[in-house]
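Novice: Sharing a structure here in structure tokens format.
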């Protein structure tokens with residue numbers, strides 16, 4: 001592609017466990033995408049990918065980056081740091097007598113009846129948790145002055161121990177952060193090189209365990225993320241980049257490098273959040289307001305719900321056995337990716353995942369030394385994946401190695417054929433993924449039959465048709481950019497900052513004037529943090545209240561419906577009505593006579609960027625025969641079938657493809673199962689209509 005060197009590009013980069021995905025777009029809707037293997041130092045993979053984009057455009061990497069005013073990056077650095085427990089050496093300063101709060105964990109235990117479950121890995125060992133004499137009451141009044149000398153001694157001791165980051169979490173600092181801020185000043189005087197994480201800045205809200213857990217996670221992951229982003233920015237600048245680098249956040253917005261480095265815990269779902277943002281964008285374009293996105297990559301399977309084009313948000317995430325109470329997209333992840341390994345447990349049962357072969361050595365069919373059977377090996381053996389056309393032919397796979405791995409590790413031990421073993425593995429992984437969809441839909445009060453299933457990631461479209469049958473879903477959407485969907489979401493995402501403030505009181509005594517003042521102050525702080533005005537078209541403000549019935553433990557985050565800057569009594573009445581309805585959907589009951597408590601106020605400030613332009617194409621003929629390139633033997637059951645194979649790049653809007661068939665796209669394969677049919681829409685997305693043959697529409 002011969003490209004004008006002066007064309008301005010926005011680049012989205014998403015680093016996954018197996019591949020680094022890139023999408024570049026122009027203002028007039030031109031899109032270029034590619035993949036490259038992820039590298040141990042993620043910045044190397046990013047630079048390799050940028051070089052591939054430049055090569056596709058037939059310009060130098062220097063010319064491309066010089067005309068790239070914005071790069072949005074989805075990264076797994078913070079996630080991997082926490083999952084692998086490879087973070088900074090952290091110390092904790094907390095109110096005297098409360099240093100073991102992180103171990104009490106509200107008595108939460110992942111497996112209640114297991115006597116063998118080990119305690120979580122201590123990211124802050126007890127000897128590095130130091131109590132400081134100070135105390136505030138629930139209204140923020142000082143009961144005991146801060147012992148500054150004790151703080152200095154504690155900091156000096158932690159420095160001697162080689163501490164790299166300090167978390168600070170005092171009681172009721174969310175009401176009055178004065179003591180925490182003074183501690184930060186002392187740390188900067190005594191050890192200015194240390195990373196400092198204050199609970200009053202990270203999570204200024206009620207509930208002690210959630211605050212201390214989130215604050216130490218931020219301190220644990222912050223130094224590595226900060227170092228990586230600075231390193232990446234330097235490498236990009238060496239190649240001629242002079243624009244702004246932003247990072248995808250767990251809440252679905254993007255933020256600049258400086259703020260991201262300070263709040264590393266806000267980037268723990270940086271990668272999959274991009275895919276959910278893209279799901280809302282494509283859902284709107286395709287006329288589907290309710291979407292369940294399923295992203296199947298090399299190592300994991302991520303599921304999320306989008307209702308009325310708004311991704312669901314949660315503050316109850318557990319990541320690597322630590323509570324992170326920041327607002328995050330409600331993304332449920334299981335270890336079912338293309339690289340997930342099939343194995344037989346001690347009881348002789350066939351299992352799949354969560355162990356993954358990763359990209360090196362990868363599945364057996366990669367021919368890189370991997371010997372264990374994976375989901376990708378299964379899809380090659382069953383004929384779904386063309387071993388000669390993986391990644392558009394950039395990579396060749398070996399079907400014989402796939403069959404040998406399945407035979408040796410699964411088929412022979414179970415006394416069945418390799419095909420039977422592959423079908424069994426496929427059924428298990430499909431069942432696991434369907435259960436993951438049920439977890440974020442049925443268990444949250446949603447009926448999956450009211451949603452369309454959007455399948456993205458390199459392997460998502462192979463399995464989505466079967467999951468739709470299992471779940472009673474009628475429509476599957478496979479976006480044209482499915483293999484690089486999270487990177488596409490990075491390009492399309494808006495800037496976003498979330499502010500929160502605890503306001504714990506009964507609804508009847510709520511001072512609406514004070515609430516409006518609180519929201520105004522929160523918006524002012526958010527605007528100072530947001531930055532990026534040069535790429536923002538306009539700002540939007542969304543307000544929420546955390547509400548619950550008096551005596552309950554869990555609250556419901558309810559949007560405040562108001563068209564003006566100030567919330568009126570009528571707005572509040574409508575919010576209360578919405579709370580009752582949301583409570584009934586989540587917990588199957590409501591009690592309008594019960595007193596309602598307000599716990600927290602929340603505010604999202606969104607810097608809306610100019611909307612990405614995607615041009616619709618006119619529909620042509622239904623007949624897809626011009627795109628038919630071959631026929632191939634595949635296995636949906638034990639008996640083989642010979643079915644047509646289509647080249648996705650040759651399909652045109654309006655083409656109708658009857659199942660069973662396979663559509664080979666660059667970076668992904670779409671399987672249209674028997675009884676299904678696929679339509680290529682005006683944006684070249686593949687829309688599969690599913691015939692419910694298993695009684696799921698009853």
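Novice: Just need a number here: residues in the range 6-33 that are more than 15 Å from residue 64 (Cα to Cα) and touching a helix residue (DSSP H, G or I) at 6+ places or on another chain (Cβ under 8 Å).
Specialist: Residues flagged as more than 15 Å from residue 64 (Cα to Cα) and touching a helix residue (DSSP H, G or I) at 6+ places or on another chain (Cβ under 8 Å) within the range 6-33 amount to 5.
Novice: Residue 522 - would you say it is touching a residue at least 24 places away in the same chain (Cβ under 8 Å), in a helix (DSSP H, G or I) and crowded, with 18+ Cβ neighbours inside 10 Å?
Specialist: yes
Novice: Working carefully through the options 543, 527, find the one that is closer than 30 Å to residue 257 by Cα and either crowded, with 17+ Cβ neighbours inside 10 Å or modelled with pLDDT of 95 or more (or both).
Specialist: After ruling out the rest, the residue left standing is 543.
Novice: Still on this structure: Output the residue which, of all residues in the range 68-85 that are buried (at least 21 other Cβ atoms within 10 Å of the Cβ) and farther than 16 Å from residue 486 by Cβ, is farthest from the chain's Cα centre (by Cα).
Specialist: For the range 68-85, the residue satisfying everything is 68.
Novice: Another one. Which condition does residue 378 not pass, out of (1) surrounded by fewer than 16 Cβ atoms within 10 Å (Cβ to Cβ); (2) outside any loop (DSSP other than H, G, I, E, B), if it passes all the others?
Specialist: (1)
Novice: A follow-up question, please. Has the range 316-330 got at least one residue that is within 22 Å of residue 457 (Cβ to Cβ), within 19 Å of the chain's Cα centre (by Cα), surrounded by 23 or more Cβ atoms within 10 Å (Cβ to Cβ) and modelled with pLDDT of 90 or more?
Specialist: Yes, there is a match, as at least one residue in the range 316-330 is within 22 Å of residue 457 (Cβ to Cβ), within 19 Å of the chain's Cα centre (by Cα), surrounded by 23 or more Cβ atoms within 10 Å (Cβ to Cβ) and modelled with pLDDT of 90 or more.
Novice: Next up: Can you tell me which of 542, 527, 561, 548 is in a loop (DSSP other than H, G, I, E, B) and outside the structural domain of residue 70 (by TED's automatic domain parsing)?
Specialist: 561 is the lone residue from the list that is in a loop (DSSP other than H, G, I, E, B) and outside the structural domain of residue 70 (by TED's automatic domain parsing).
Novice: Just need a number here: residues in the range 1-23 that are surrounded by 15 or more Cβ atoms within 10 Å (Cβ to Cβ) and at pLDDT below 90.
Specialist: 6
Novice: When you go through 614, 629, 645, 598 one by one, which is the residue that is outside the structural domain of residue 549 (by TED's automatic domain parsing), buried (at least 16 other Cβ atoms within 10 Å of the Cβ) and not in a loop (DSSP other than H, G, I, E, B)?
Specialist: Sole residue among the options that is outside the structural domain of residue 549 (by TED's automatic domain parsing), buried (at least 16 other Cβ atoms within 10 Å of the Cβ) and not in a loop (DSSP other than H, G, I, E, B): 645.
Novice: For the list (1) out of contact with any strand residue (DSSP E or B) (no Cβ under 8 Å at 6 or more places or on another chain); (2) buried (at least 22 other Cβ atoms within 10 Å of the Cβ), I need the number of the one condition that residue 58 fails.
Specialist: (2)
Novice: Report, by residue number, each residue of the range 259-298 that is under 17 Å from residue 230 (Cα atoms) and either assigned to a loop (DSSP other than H, G, I, E, B) or without any contact (Cβ under 8 Å) to a residue 40 or more places away in the chain (or both).
Specialist: Hits for the range 259-298 are 260, 261, 263.
Novice: With (1) closer than 25 Å to residue 51 by Cα; (2) in a helix (DSSP H, G or I) as the list, and residue 241 as the residue in question, which single condition is left unmet?
Specialist: Just one mismatch for residue 241, condition (2).
Novice: A further question follows. Would you call residue 538 touching a strand residue (DSSP E or B) at 6+ places or on another chain (Cβ under 9 Å) and under 30 Å from residue 407 (Cβ atoms)?
Specialist: no
Novice: Answer yes if at least one residue in the range 56-70 is farther than 20 Å from residue 167 by Cα, free of Cβ contacts under 8 Å to residues at least 40 places away in the same chain and assigned to a loop (DSSP other than H, G, I, E, B), and no otherwise.
Specialist: yes
Novice: So in the range 682-698, with the set limited to residues that are surrounded by 14 or more Cβ atoms within 10 Å (Cβ to Cβ) and farther than 19 Å from residue 662 by Cβ, which one is modelled with the lowest pLDDT?
Specialist: The selected residue is 696.
One line per residue, one yes/no per condition, for (1) within 23 Å of the chain's Cα centre (by Cα); (2) closer than 23 Å to residue 271 by Cα; (3) surrounded by fewer than 24 Cβ atoms within 10 Å (Cβ to Cβ):
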site: 423; (1), (2), (3): no, no, yes
site: 426; (1), (2), (3): no, no, yes
site: 438; (1), (2), (3): yes, yes, yes
site: 448; (1), (2), (3): yes, no, yes
site: 459; (1), (2), (3): yes, yes, no
site: 464; (1), (2), (3): yes, yes, no
site: 469; (1), (2), (3): no, no, yes
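Novice: Tally time: how many residues in the range 24-44 are within 20 Å of residue 395 (Cα to Cα) and surrounded by 23 or more Cβ atoms within 10 Å (Cβ to Cβ)?
Specialist: Going through the range 24-44 one residue at a time, the tally reaches 4.
Novice: Return the only residue of 32, 46, 23 being in contact (Cβ under 8 Å) with a residue 40 or more places away in the chain, touching a strand residue (DSSP E or B) at 6+ places or on another chain (Cβ under 6 Å) and in a strand (DSSP E or B).
Specialist: Every option except 23 fails the conditions.
The values are calculated or read from the model by the stated rules, or taken from the named source; none is laboratory data. Everything numeric here is computed off the predicted structure, so don't read it as measured data. FYI the Cβ positions are ideal-geometry reconstructions off the backbone, even for glycines, and counts take in every protein chain you see.
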